[in-house]
Every structure is written in C-alpha cells, then in structure tokens.
C-alpha cells in the first residue's frame, strides 16, 4: 500500500441502466493494490452490477476503468481475465459433472488436446495447495464436493488464470462460520502475497473483521469510502440505509401463555434411510418466539416441513391445542384452517410463483376462501383491492398488485409472503429464514412484525441460519445438530459461544 | 455351421439398420451435450435423404449426393440453432417445425421435379454407394472358421457411409473426452454460465455442436437414400430420428453406449423383419409392430428407473440468458 504504486483498480463515473432501473449511477472507486477492499450495501444497491461490469459481464453505459493505472476496456470476461481479474460468483460458476481439474482448466486449457493442460494444472494445483493451504483432490467430481470446497475450486480457478485481483461476491452466504473463518485467513494470505481482494457483502461483521478499506453503496451510488479501522458497524449501517437502524430489536418481556403446539418424539427418515430428525420434542406456547439455532442442514428445515404438514414424520405425534393431529389433518391446507401458518424458508421455491402478479401470490394457499369470489370463481377486483390494502399496511414497494412478483426486490417479495400468512390470524406461525436475501430496512420491518405477533399471543417457531437473528428475536432458543435438539436456553441466559457448542453437537452430557 | 451363417446374416442386417440410427444418435448426442435439445433429427435426416438422392441422380456421383445431403441437413440445423440459440426460442417447437417442414417440402419438391409421387429417380452405378470389400475378406473366410465368416459377411461389405459412421463414433468419443473443444462442449451443456464467465462464447460452442449435428444427420439421411435404398421415398426415415433420440437417452448421452443402443435397436428391427409372417412355436405369429415398439418401451422403462439411471446434461433444452 505504498503511495507511489498505482491503484489496482480505478473506476470513474461508471453508470449502467437496465430498462427503467438505474443500477449504477456515476460510481467511482479506487482500490489500492495489495489490500482487501470491502463493498457493502443492501440488496439491489448495485454492488453486483458494478462487479459484473468490472468482470466484463455487462458493459457500462459510461465511465472509465483503469487496471494497475492503465485504462482498459473490458468488454467480456475474457478481457477481464487477460487484465488479471478473477471473480468468485455468489452462485458458483462450476460444472458439477466435471472433475476439479477439468473445471480449473476450462477456458485456459492451453492447447487443443486436454492432456498437456491437465497435467500442468495438476502441478499448479499442488503448488497452490502448498502456498495457501488450499488442498483439494484434483480428480474429485465437483458436484460431490461440499459447498466450502466448491468455493475453493472457484478461487483456484481464478488463481490458476493468474488473477492479481480477486473479486468475491457474497462469499460467506453459503458457508458455515468455521468455513468463513478459513476463507478469511485465505484472503489475508492472498493479500500478504500482494494480491488485491474485493469482498462484496452485506454482513458488516465480515467487513470489520477482514477488510482494510470499505466502500458503501446505496441505490446505485457510492456514498462513502472509509478506512475500516476508523469506522464502526453503526456508521456503516447508517450509510447503507441512509438513516440510523436499530440493530438491536426492542422487545418487552411477556409472560408466555398456554401450550399451543407440542411435538413428541418426531423421527424422520428419508428414502435413502438417512435419519433427518431423531426424537425431536418441542413445545410452543402462545405469545412466545422459539428460535432454532443451527448450522444449515441440521434438520431445521425438515422440522418446519413436518410441522407444516409438508412431510410426514416416520414416528412421533404432533398435538395442536391438546388434540393429536390425525394423519388426515397433517397437510398444509388443513393445518392452515386450524391456524398453523407457514412462511417457507425459500420464497422462490415454495413461497411464491414469481411469474404471477403480486395479487395472485397474496392469495396462494387461500384460494378457496369464499370471500375471494362466488363458487369456483375468483374475483380479480376483490383480490386486487385486498392486496392493495395489505401492501399499504406492509409497506410493499411498489404497492402495485398487478406487477409481476419477480419484479419486486427480495425484501418486498418476503413482505408479500409475510402479509399473506399473518393477515389470516395464525395461532401458530412457522417461520423459516424470514430475512434471507432481504435488505436491512425490510429486516427491521419483519422483525418488528414478528415481535408484534408474539405480543398479540401467537406462538412462533423461528428457524434462521443467522444466529444473531435467533438471539435477538427469541424468548427461548433450541439448538439443533444432526437432526436432534442438542440443548435449550432461555434467551436472556444464552450466549454465542455456548450456543455455538450446542450447534456443533457438544451436548451437556458429553461436556 | 448353418446357424453361424444365419446369425451372420441377421447381424449384418442389424448393422445395416443401425447405421442411420447411429448417425442420428451421435448427432443428437452432440447437440444435447451442448445443451440444445434436437427433436428435429428425423426432419434433418429426411431432407438429407432427399437432397442426396436428387444430387446423386443429377450428378451421377454418390459422393456429391453425400455432400449435398450434409449441406441440406446443416442448413436446417442452422435454422434450429438460430431459433434456439440466437433467439432463445423453445427448442421443442423449433424441432417439431423442422420435422413438419422436411416432411412436406421433400414430397412437394420431389413431385414437382420428378412427378413420381415424391420419389426420386432410381440410382444406379456410381450414383449409389456400393459395398466396399475390405482386404483379405475372402481369404480370411476360407481360413478362419466363424470369425472369418463374420469378418466377410458383417465387417466387410458395408458401404462407405457406414464406415464413415463408425469413424464418426470414434472421433466423437475422442473429441468429447480428450480435447479442449470437447471439454468446453460438455461444460456448456451442463452450466453455460460457467463457460461464459471463463471467457468462452456460449453461442459459438452451441452453433458448433448444432452444425456437427447437422452433418451427422446428413450422413444418416444419405445412407438411407443413396446406400440402403436406390433413391428417395416419401417419409423414408419412418421414425428413425425418434428411435435415435431414444437411443441417446438409453445410452445416457455417451458415444460408445450409443453404439450399443443403436445396435440393439437395429437388431430388434432386423428380428422384426425376419419374423414377418413367421409363427413362433408356442406363441404364434408375433405382430411386427410389437417388436418395433420395443425401443420406445425399453426407453420408457429405462427412464422410469428400472434398468439404470439416465441423467441428461443439466442445461439441455434451456436457452442461455445472462442473469441480471
């Protein structure tokens, strides 16, 4: 980071418009060589677009790019690679049926026949494994690797192409905390070797932990360039949103009410014979938020699916208001009638039909409601009018029920789902990842809604991979690991280290 | 020794019936491994059969016919490519359109030009691919029992396009597995975004695959009209393009397995012909249609997961759109 050396990247006056959306407006950015530079912003702030321009995926409408002090025109990924830029995309650009080494050489094979390039790549992979601790089996099939290793392949791909500048787009979204820590030490090692790293994220903790400088984007514009050591998470959050945000959720203590839902001894075994849930016991009381803390893939999703009636437990019973649910009642439609509503963790896959107008999505699952039209018919005007009302109440932007759902931002799509389920007066609300891919403003709104529901006496089961979120919202926290409940803590008594141990499967008895 | 001779005759017939299947299956394999579903193999073979028969009849050269057949088929392939790759259209719709276009166009043009109900003139001499006798065929036959006979009856005595089809098989297998082009092609059928971000043109690769597909369909169609028959007959492909599609699925999109699938389907066809009007002991007369339906039936059973598992290339049939 000497003053004499030219910045690794110098962007000036970059603008890019997609139809009516101005994704980047007059963006300038300077990244010092040999540094880790963070770019933060809410979803849709234009971070990914800016990086896609830098990587040649899109061409900017106007603006200049200079790499290492020399002006460059980057019109395709090939140009970017030639300029020494490598990118690790949020959704990995890997071919799952090919081996690691085949993925690494793809596009840089070095000759018409594969054998030469592949053996060179093997040697190079061995060297990179030594230099950075990036060991990997070159012949493993990529689709069979864990997500953390797949990301490693992405990084190796960039390094193999001789990248001097590495861009990572939301790299930790798919990683467990220990994997994220490993990634960060790798990024530091790369910086120490003189490489430049750009880290795009919306997690402030990561910015504070690993970056040297940070740039903040908001609505397509650069709003701040700061040295990480001289800033703080509240300052960054404020810059991202444009106003002060409550990172802490305000929640008054409330005595819990009667037992509403009780699950006893739930087992779930899948078709391959793998146990996904083993002996899960769970009680939900009225006016209580029970949070499930766990690393993704430890049975939380399956638990919610069983309770929502989407899958049937291999063993165990569920009681609702004292009554054991019969297998006939254990389907989503009946459960909804009984007051068990479900906000699915993946709104694109199970929460919404994104090709439908928003109004239609606001009645999905409730399309049999007689209030929506006579007999088998639906009344579009009634549906639209109701949607308009709820959209106003939930601050869905734009408040246009006719607009295709795919055109809404993640946060607003989530509000459409939230409104649909909450407006039907649930007794029990099952919530999966309520704020995944949602911007800070909407997170705050969703958190406040959930607290208000709890205060109104709804029993809420919250599953989230964001431990902070679980700790902030819950009254009681259950930790899950390997399909079992490994521990229970009252929220006041819970701390992150203790929960982390439970999430890792270190139970009281073992400890 | 008599049963060996019968076996050799059926095998020979099976191979002759498999050649057009193999060409079309390899064509489909190239296209689908690159992510372009091609249901128009049938139409492309048909247009190639027609074009090759016409040019062979006019020029008197079977080789000129082959080139014409390939070019006609490639032209239709490019139409499919233009619809599916450049305009990101629905690949099934485009393929069906090509089949209908070929079925109609060949008959209309044939009738207009020759007035024989769509037939083209009968090909004779150099206008038709004759049998190629491989060296030592007769010597080996008389010196080595069984294998010598099979060499003479089955391996030798096929026509030039048949040997070209085998060559195409070997080249396909080697190129897909061992070359840069093959790696990129396999990648583009699985995850075109990965290819794009690696700085390679997705459209370029897919057009390449589609052109190869056209050339191979051209070879298959030419074989039908200029080698197996002595001229074009309306609708002479008779569903071979669809059986080839089934063979591709049966072969799990792999070249050598495609050969075995085509041989199997060809053998079924040969047996069906052989059994025509023959009453089997205990069963009676087997309807030919029942045997002809077997390739489809077997493919359905395969897809239902009873025999094994068939996994198509992941991006097959999906137009590539850069995500925003």
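What follows draws every value from the coordinates through simple rules; no lab data is involved. Predicted, not measured: the structure shown is a model, and the values here were computed from it. Here the Cβ is made from the backbone with ideal geometry for all residues, glycine too, and neighbour counts use every protein chain on show.
So if R0 is 30 Å, what FRET efficiency would residue B:297 and residue B:101 give, r being the distance between their Cβ atoms, rounded to the nearest 0.05?
Plugging the Cβ-Cβ distance into 1/(1 + (r/R0)^6) gives 0.55.
Between residue A:96 and residue B:67, what FRET efficiency comes out of the Förster formula 1/(1 + (r/R0)^6) with R0 = 60 Å and r the beta carbon distance, rounded to 0.05?
So the FRET efficiency works out to roughly 0.90.
I want to verify a result. In a Gaussian network model of chain B, Cα cutoff 10 Å, which of these has the top mean-square fluctuation: B:125, B:221, B:284?
Highest fluctuation among the options: B:284.
What are the radius of gyration and Dmax of segment A:126-216, computed over its Cα atoms and given in Å?
Rg and Dmax of segment A:126-216, Cα atoms, are 13.0, 40 Å.
How many angstrom separate the Cα center of segment A:479-501 from the Cα center of segment A:204-236?
The two parts, judged by their Cα centres, are 31 Å apart.
For residue A:112 and residue A:466 in the same chain, what is the full-extension length gain: residue separation times 0.36 nm, less their Cα-Cα distance, in nm?
122.7 nm
Return the distance in nm (one decimal) between the two label points of a simple spin-label model at residue A:402 and residue B:75, each offset 7 Å from Cα along Cα→Cβ.
Inter-label distance under the simple model: 4.7 nm.
Please list the three semi-axes, largest first and in whole Å, of the ellipsoid equivalent to the protein assembly as shown, using sqrt of 5 times the eigenvalues of its alpha carbon gyration tensor.
The equivalent ellipsoid of the protein assembly as shown has semi-axes of 58, 35, 27 Å.
Helix B:2-33 sits at what angle to the longest principal axis of chain B, using alpha carbons and giving 0 to 90 degrees rounded to 10?
10
Hey, in the GNM for chain B with a 10 angstrom Cα cutoff, which one of B:261, B:83, B:247 fluctuates hardest?
B:83
Which values, in whole Å and largest first, are the semi-axes of the equivalent ellipsoid of segment A:353-421 obtained as the square root of 5 times each eigenvalue of the Cα gyration tensor?
After scaling each eigenvalue by five and taking roots: 20, 11, 10 Å.
Going 7 Å from the Cα of residue A:258 along its beta-carbon direction, which residues of segment A:420-462 have the amide nitrogen within less than 15 Å of the resulting point?
Those under the cut-off are A:427-428, A:457-459.
Using 0.36 nm per residue of separation minus the Cα-Cα distance, give me the extension gain between residue A:129 and residue A:73 in nm, one decimal.
That works out to 16.9 nm of additional length.
Once the Cα atoms of helix A:440-455 and of chain A are each reduced to a long axis, what angle between those two axes, in degrees from 0 to 90 to the nearest 10, is obtained?
Tilt relative to chain A: about 20 degrees.
In degrees between 0 and 90, to the nearest 10, how far off the longest principal axis of chain B does helix B:255-274 point, with axes built from Cα atoms?
Once rounded, the angle reads 40 degrees.
For the pair residue B:93 and residue B:9, what calculated FRET efficiency results from E = 1/(1 + (r/R0)^6), where r is the Cβ-Cβ distance and R0 = 30 Å, to the nearest 0.05?
Calculated value: 0.10.
What distance in nm separates the simple spin-label points at residue B:144 and residue A:250, each placed 7 Å from Cα in the Cβ direction?
9.3
For residue B:59 and residue B:132, calculate 0.36 nm times their separation in residues minus their Cα-Cα distance, and state this gained length in nm to one decimal.
24.2 nm
With an 8 Å Cα cut-off and a minimum separation of 6 or more residues, compute the relative contact order for segment B:188-324 in percent.
Worked out over segment B:188-324, it gives 29 percent.
Measure off 7 Å from each Cα along the Cα-to-Cβ vector at residue A:12 and residue B:166, then give the distance between these two points in nanometres to one decimal.
With each label point 7 Å from Cα toward Cβ, the separation is 6.8 nm.
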